[in-house]
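A.B. asks: Okay, handing you the structure first.
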Amino acid sequence: MIAQAKRPVIMAGHGVILSNAYAELKAFAEKASVPVITTLLGLSALSDTHPLHIGMPGMHGPVHTNHAIGAADLIIGVGMRFDDRVTGDVSKFAPYAKLIHIDIDAAEMHKVKVATVPIVADARVALAALTATLEAGDHRDWLGEIRSWEQASDERGKQLQRSDELPDPISILGTIHKVTDGEAIVVSDVGQHQMWTARFYQWTRENSHITSGGLGTMGFALPAAMGVKMGVPDAPVWAVAGDGGIQMNIQELATLRQEGIAVKVAIMNNGYLGMVRQWQQFFHSRNYSETPMTGPDHVKLADAYGLKGIRVKRREEVEPAIREAMATEGSVIVEFIIEPEANVYPMVAPGKAITEMIEETAQEKANDDK
Amino acid sequence: MTNNAVTSVRAHHTNAPQGTAKTHTLIISVVDRPGAVDRVVGVLRRRRSMLKSFALAPDTQPEVFRVTVQVQDAEVVIDHLVAQIRKIIDVQEVINVTAAQAVQLEIVLIQIATSTVQSADLIAAGQQAGATVVDTTPVAMTFEATGSPEEIDQVVAAFQSYPIHDIVRSGCVAMARLSSV
């Protein structure tokens, strides 16, 4: 089946990371020459810089990744479960694809998508066995086609900012990667910043992305980052949160101070529960109900907990602030004042097929500016 | 939970071919720890399984209960159900046996009010249906019968012309047939 497929994709999930199958995934993908999609929890299972890596699927996945799934004739799902944020409308998800589903949980087989070949196994063992029996494949044309879609959609350019002066999520995340040489472990909370982090941080270190996934728990980032730092004391650990989610476990700043744990906290402050606000903008005519929030003064708050706080209001201050945070011993809170109505694009509306994405168009932008 | 329960969309039913539901018998071995059987029942309940019968008793192994449950559903839905029950830590084993692979028996107790019937007629009718008398009082007689669920249905039917006071069925228990050693 893999040898016969013309447009195969691998969808790698958290199972690959949990079974420590980084090398096996890479070897399998390279031998079969199959593009690799990593799910939200599968991010960093294969480096973003790997030539076969083509992004994250689903609700906030890039255009070319979702179109690749839409056009695929074979999906090899490894350690993933076809979550509703990945599939959108299931009946329109990967309509042309057969499915080889590898998962350790037998209950996942045929649950969302009926598998052509269900394999209940540990990801590492299964991938190694497949690689051993597989003949080398060549799907460069298919990969080239996906890459041409990627260039045509020019993803990064679409995350439009109305203001050139405010810090923007892409440069914040890119700078964290740059300053830490990609060695940081980044823990995200839940919301818009989580999707920006998933999409625009470059995942080059194995198992460097921690997020709450399907549990969707706001307030996760700060305590989880604390645990990560204690587990991996040598790595720089960044907690990325929104101004809404950080409030939900803000008391843990005291624990950071008390136990002397060094976690760098990036707060993307847009003055809203941003993801909910985005839905209200798209689906409820900008009726912003209960989403605007003033929040506290995060720098003074850091001070109150005995930690260093930095506020960043201008884009050119992003890098100096992150460098200062890294140079400072102990925990640091860096608050980035970002554009209040920045959106995560593209977006698949709930109940739609993942190939029907909402992208910010010039028209929409013009309407916004009115 | 009964056969008459109104069910809307149920888990995994989108994959189930229409009209393929049949009765499956599951034999579940579960360690007797507080809450363990609750978890099994919880899975059945949350997945809105169409329960036909449920029997629970100690297993031959110490500290283990054996649950025999009959569920009516399509094969694919039952496969998911089995996979989910197997995920409960206290569950040692789940076997899905069909009637052909297993011996399946059920007990029924039928109590007849005797004030208006001749005892001799009643006993004769009971014998013909394969039921034996296990208890008598001045006003009632209780019969017992053991058989497959279908046989039990027939026994119950045989008593319909008498003044039935109460009927209780044990629920089916099953044992896989050992066909080769």
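The values are calculated or read from the model by the stated rules, or taken from the named source; none is laboratory data. Just so it is clear, the model here is predicted, and its values are computed rather than measured. Quick reminder, even Gly has a Cβ in these numbers, built from the backbone with ideal geometry, and neighbours come from all protein chains shown.
A.B. asks: Taking interchain pairs and intrachain pairs at least six residues apart, which have beta carbon atoms under 8 angstrom, with the first residue in region A:208-227 and in the same structural domain as A:H177 (by TED's automatic domain parsing) and of a type in the set (A, V, I, L, M, F, W, C) and the second surrounded by fewer than 22 Cβ atoms within 10 Å (Cβ to Cβ) and assigned to a loop (DSSP other than H, G, I, E, B)?
C.D. replies: Within 8 Å, the pairs are A:F220/A:S212; A:L222/A:I250; A:A224/A:S212; A:M226/A:I261.
A.B. asks: Of the conditions (1) in contact with a strand residue (DSSP E or B) (Cβ under 9 Å, 6 or more places away or on another chain); (2) of a type outside the set (S, T, Y); (3) surrounded by 17 or more Cβ atoms within 10 Å (Cβ to Cβ); (4) outside the structural domain of A:M326 (by TED's automatic domain parsing), A:V187 satisfies every one except a single condition; which number is it?
C.D. replies: Among (1) in contact with a strand residue (DSSP E or B) (Cβ under 9 Å, 6 or more places away or on another chain); (2) of a type outside the set (S, T, Y); (3) surrounded by 17 or more Cβ atoms within 10 Å (Cβ to Cβ); (4) outside the structural domain of A:M326 (by TED's automatic domain parsing), the lone unmet condition for A:V187 is (4).
A.B. asks: Would you mind stating whether B:V30 is within 20 Å of the chain's Cα centre (by Cα), more than 19 Å from B:S148 (Cα to Cα) and either β-branched (V, I, T) or within 14 Å of chain A (Cβ to nearest Cβ) (or both)? Walk me through how you get there before you give the answer.
C.D. replies: Numbers: within 20 Å of the chain's Cα centre (by Cα): yes; more than 19 Å from B:S148 (Cα to Cα): yes; either β-branched (V, I, T) or within 14 Å of chain A (Cβ to nearest Cβ) (or both): yes.
Yes; evaluated as a whole, the condition is true for this residue.
A.B. asks: Only one of A:V240, A:V299 is in contact (Cβ under 8 Å) with a residue 40 or more places away in the chain and either surrounded by 23 or more Cβ atoms within 10 Å (Cβ to Cβ) or part of a helix (DSSP H, G or I) (or both); which? Working first, answer last.
C.D. replies: Numbers: A:V299 fails: in contact (Cβ under 8 Å) with a residue 40 or more places away in the chain.
So the residue among A:V240, A:V299 that is in contact (Cβ under 8 Å) with a residue 40 or more places away in the chain and either surrounded by 23 or more Cβ atoms within 10 Å (Cβ to Cβ) or part of a helix (DSSP H, G or I) (or both) is A:V240.
A.B. asks: Looking only at residues in region A:324-364 that are farther than 22 Å from A:I176 by Cβ and not in a loop (DSSP other than H, G, I, E, B), which one is nearest to the chain's Cα centre (by Cα)?
C.D. replies: A:M347
A.B. asks: Then there's this: Which condition number in (1) touching a His at 6+ places or on another chain (Cβ under 7 Å); (2) away from chain A (no Cβ under 14 Å); (3) not hydroxyl-bearing (S, T, Y) is the one that B:E106 fails?
C.D. replies: (1)
A.B. asks: Next up: State all residues of region B:108-134 that are exposed (fewer than 12 other Cβ atoms within 10 Å of the Cβ) and under 14 Å from B:P163 (Cα atoms); if no residue qualifies, say none.
C.D. replies: Once the filter is applied, which keeps residues that are exposed (fewer than 12 other Cβ atoms within 10 Å of the Cβ) and under 14 Å from B:P163 (Cα atoms), region B:108-134 yields B:S115, B:T116, B:Q118, B:D121.
A.B. asks: Name every residue in region B:69-93 that is more than 16 Å from the chain's Cα centre (by Cα) and either part of a strand (DSSP E or B) or more than 13 Å from chain A (Cβ to nearest Cβ) (or both), in order of residue number.
C.D. replies: B:I89, B:D90, B:V91, B:Q92, B:E93
A.B. asks: With respect to A:G274, is the statement that it is in contact (Cβ under 8 Å) with a residue 24 or more places away in the chain, surrounded by 14 or more Cβ atoms within 10 Å (Cβ to Cβ) and of a type in the set (G, A, S) true? Let's see the steps before the verdict.
C.D. replies: Values: in contact (Cβ under 8 Å) with a residue 24 or more places away in the chain: yes; surrounded by 14 or more Cβ atoms within 10 Å (Cβ to Cβ): yes; of a type in the set (G, A, S): yes.
Taking the combined requirement at face value, the residue satisfies it.
A.B. asks: Could you count how many residues in region B:112-137 are on the phi > 0 side of the Ramachandran plot and among the β-branched types (V, I, T)?
C.D. replies: Here is the first cut: in region B:112-137, the residues on the phi > 0 side of the Ramachandran plot are B:130.
With among the β-branched types (V, I, T) added as a condition, the list becomes none.
Looking only at that region, the number is 0.
A.B. asks: I would also like to ask the following. Among (1) within 14 Å of another protein chain (Cβ to nearest Cβ); (2) more than 21 Å from A:S33 (Cα to Cα); (3) touching a Ser or Thr at 6+ places or on another chain (Cβ under 7 Å); (4) not small (G, A, S), where does A:R81 come up short?
C.D. replies: Every condition holds for A:R81 apart from (3).
A.B. asks: So which residues in region B:42-65 are touching a strand residue (DSSP E or B) at 6+ places or on another chain (Cβ under 8 Å), farther than 17 Å from B:K22 by Cα and among the hydrophobic types (A, V, I, L, M, F, W, C)? If you could, list the steps in order and put the result at the bottom.
C.D. replies: To start, the set of residues in region B:42-65 that are touching a strand residue (DSSP E or B) at 6+ places or on another chain (Cβ under 8 Å) comprises B:44, B:49-59, B:61, B:63-65.
Filter once more, so that each one left must be farther than 17 Å from B:K22 by Cα: B:55-59, B:61, B:63-65.
Answer for region B:42-65, where residues must be touching a strand residue (DSSP E or B) at 6+ places or on another chain (Cβ under 8 Å), farther than 17 Å from B:K22 by Cα and among the hydrophobic types (A, V, I, L, M, F, W, C): B:A55, B:L56, B:A57, B:V64, B:F65.
A.B. asks: So, one more: Could you tell me which numbered condition A:S163 fails, if it satisfies all but one of (1) assigned to a helix (DSSP H, G or I); (2) among the hydroxyl-bearing types (S, T, Y); (3) modelled with pLDDT under 95?
C.D. replies: (1)
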